[in-house]
Amino acid sequence: MNSETTGNTTRLKGDLSLLSVVLFGLAYISPGIVVTIFGVVAATSDGAAPTAFAIATLAMLLTGLSYAKMARAVPGAGSVYTYARKMLDSRIGFLSGWAMLLDYFFIPMVGWLITAIYFNAQFPDMPKWVWLIVSVGITTAINVFGMKLADRVNKVLMFIALGSLVLFATLCVVFLGKHGSSAPATHALWNSGTSIGAVTAAAAIAAYSFLGFDAVSTLGEEARGGARTIGRGIIGCVIAAGAIFIVLSFVMQLVHPGAKFADVDAAAYHLKVQVGGTTYAEIINFVTIAGSISSCIALQASAARLMYVMGRDGALPKAVFGNLSKKTGTPVPNLLLTAAAGVIAMKLDLTTATSFINFGAFLGFTLVNVCVIAHLVRERRHGRTPNLFSYLVMPAIGTGVSLYLLTKLGDVALQIGGVWLAIGVVYLAVLTKGFRRPAPEMTFDDDTAATDTVTA
C-alpha cells in the first residue's frame, strides 16, 4: 500500500478500490446497529420496522446522490462543512461544522448507552445506570492514559460483523420455518395500527443507522479513481446498508410481530434468545459488549481529538480545548467533557439519545442538498448547464425530506438542537465581530472524523 509522507503525517495515496471504499463506509455505519435499535423502530412504527427502514433508505439515497455530486465538484477530502464553506459562505460552513460537533459530542453517549443496555440484559440485577457509569469510566480512563486502538482494519472487521448478521438472519429464518409467524408477512410492512406519521417518525430514528456513510467523502485523496470512485462508493454504501437493514428488520419483525416489547431497548437480546437460545444470546452478547467498549474508546477519542483540533485552530477557546496534558499527551478536558455528556444518558432512553445525533445529521444532510443547488447556480453563471433534474429537482426533494425527518424527531431533541444552534450563532457573532469577518476555519478531515462503529 502506497503512502505519502508530509512532515509527521503519513497518508494513504490512491490505493482504495471501489469495494474498499464501500466497505469503509459500511464499517463507519456498522450494519449491526439495525439489530440494536430494532425494538425502538418497531415500537415507534407500530410494528412496521422494515417500512420505516425502507423510507429512511430512500431519504439517505437522495442525500447520498448529493454527496456524490459534491465529491466530484470539490475533489479531495471533504465533508458537509467543506462543501458549505466553499459553496455557500464561511459562516454557514461554520454553523454546519457546529451542528456536526453536536453529532460527534453525543455519539459516544449513544455508544455507552448501547453498551449499558447489553450489560443490563446480561446481568439484569445491576441497574442500567450503574453499567453506564462503568462503561464511561473504563473508556475515559483508557483514553486519558493514551491507549490507541487499531480501528482501521475495516475489511476483516466488516466481514466478521456481516458474518454474525448472516448467522442471526439464518437463525430467524430457521425459527420461522419451525414455528411460523403469528401474523401475516404483510403485517410486517403495514398493519391496522400503522400510520404515515408513525412510520415517518420511526424512519427519522432509523436514519441513525446510516450515520457514517458521509465519511466516505473524506477519502477523495486516497481512492483509486478519485471523485468518481467516491461518488459510486457513497451510493453503493447507502444501497448495501439499506438492503441489510430492510431484510434483517423484516425477518426480525416476522419473528416478533407488532410493536409491544417488555423492554424496547433490550429487544435485540430477547430476540436472540428466542431464535438461538440463551447460550447463543449470551455468547453473542459478550462479543457485542467487548466490541461496544472498543468502539466507545474510538468514538470518545475521536470526539475529544476533534474538539482539540478546533481549539488549536481557534474555532473553540484554545485555553480549554486546544491543550494536551503534559503527562499523558491527551486532551484530558475534552475527554472529561464527553464523559460528562455520557452520564446524561442515565436519564435517557435509546430513542431520545439517538435523536440528538440525528438532529445534527439532518441539518448536515439538508445543507449538502442545498450545496448542490448552489453549485448549479454557480455553474450556470459560468455558462455551463448541469442537468436540472439531477442538480435541482432531486436535491430539492432531498432537502425537503431531510427537513421533514428533522421535524419528526422528539421534542427534547429539537429543543436541545435549537439551543445548540442558538449558542453557535452567538459564538459565531463574537468570533466574526458581528458577522463582519469570515468565520475561522475548522478541521474536519479523515484524521479527525469520528468513527461510528458501535456493533450490535
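Can you work out the Karplus-derived ³J(HN,Hα) for every residue in the range 123-136? Use 6.51 cos²θ - 1.76 cosθ + 1.60 with θ = phi - 60°, whole Hz, and x for glycine or proline.
Here the 3J(HN,Hα) series is 10, x, 5, 9, x, 4, 5, 5, 5, 4, 4, 4, 5, 4 Hz.
So how many Å³ per residue does the convex hull of the Cα atoms of the range 44-105 work out to?
111
Roughly how big is the range 281-396's charge dipole about its Cα centre, with Cβ charges of +1 (Lys, Arg) and -1 (Asp, Glu), in debye to the nearest 20? Can you show the working numbers first?
Working: 10 positive and 4 negative charges, 124 e Å.
Its charge dipole is roughly 600 debye.
Tell me which residues come under 5 Å, amide H to amide H, from Arg224 once H is placed; ignore anything under 5 positions away on its chain.
Asp15, Leu16, Ser17
Looking at Ser325, Val368, Phe356, which one has the Cα that reaches farthest to the positive end of the dipole of the range 306-393 (charges on Cβ: Lys, Arg +1; Asp, Glu -1)?
In the range 306-393, that residue is Ser325.
Protein chains only, probe 1.4 Å: how do Phe94, Phe435 rank by accessible area, largest first?
Result of the area sort, largest leading: Phe435, Phe94.
Restricting the calculation to Cα positions, tell me the Rg (one decimal) and the Dmax (whole number) of the range 229-372 in Å.
When restricted to the Cα atoms of the range 229-372, Rg and Dmax are 19.9, 56 Å.
Under the Karplus relation 6.51 cos²θ - 1.76 cosθ + 1.60, θ = phi - 60°, what is the ordered set of whole-Hz ³J(HN,Hα) values for the range 101-115, x standing for Gly and Pro?
Here the 3J(HN,Hα) series is 4, 4, 4, 4, 5, 9, 4, x, 4, 5, x, 5, 5, 4, 4 Hz.
Give me log10 I(q)/I(0) at q = 0.19, 0.30 Å⁻¹ for the range 300-345, Debye formula, one equal scatterer per alpha-carbon, no solvent.
For the range 300-345 at q = 0.19, 0.30 Å⁻¹, log10 I(q)/I(0) is -0.52, -1.05.
Separation of the range 78-141 and the range 183-198 by C-alpha centroid, Å?
Between the Cα centre of the range 78-141 and that of the range 183-198, the gap is 32 Å.
Quick one: putting +1 on the C-beta of Lys and Arg, -1 on the C-beta of Asp and Glu, what dipole do you get for the range 171-276 around its Cα centre, in Debye to the nearest 20?
Value, rounded to 20: 320 debye.
Nearest 20 debye, what's the magnitude of the dipole of the range 258-326 about its Cα centre given +1 on Lys and Arg Cβ and -1 on Asp and Glu Cβ?
Details: 6 positive and 4 negative charges, 73 e Å.
The dipole of the range 258-326 has a size of about 360 debye.
Considering only C-alpha atoms, what is the centroid distance from the range 309-339 to the range 246-269, in Å?
41
Would you mind putting 240-253, 404-417 in packing order, based on average other-beta-carbon counts within 10 Å, highest first?
Per-residue mean Cβ counts within 10 Å order the peptides as 240-253, 404-417.
Can you list the HN-Hα couplings for the range 233-243, worked out from phi with the Karplus curve (6.51, -1.76, 1.60; θ = phi - 60°), rounded to whole Hz and with x for Gly and Pro?
x, 4, 5, x, 5, 4, 5, 4, 5, x, 4
Ratio of alpha-carbon Rg to the 2.2 N^0.38 Å globular estimate for the range 337-389, to two decimals, please. Please report the intermediate quantities before stating the final value.
Values: Rg = 19.1 Å, N = 53, 2.2 N^0.38 = 9.9 Å.
Against the empirical 2.2 N^0.38 Å value, I get 1.92 for the range 337-389.
Measure off 7 Å from each Cα along the Cα-to-Cβ vector at Met126 and His382, then give the distance between these two points in nanometres to one decimal.
5.8
The values are calculated or read from the model by the stated rules, or taken from the named source; none is laboratory data. Just so we're clear, the structure is a prediction, and the values are computed from it rather than from any experiment. In this analysis, Cβ positions are derived from the backbone assuming ideal geometry, glycine residues included, and neighbour counts consider all displayed protein chains. We work out accessible area using only protein heavy atoms, side chains counted, and drop any ligands, DNA or RNA first. Shrake-Rupley method; radii C 1.70, N 1.55, O 1.52, S 1.80 Å.
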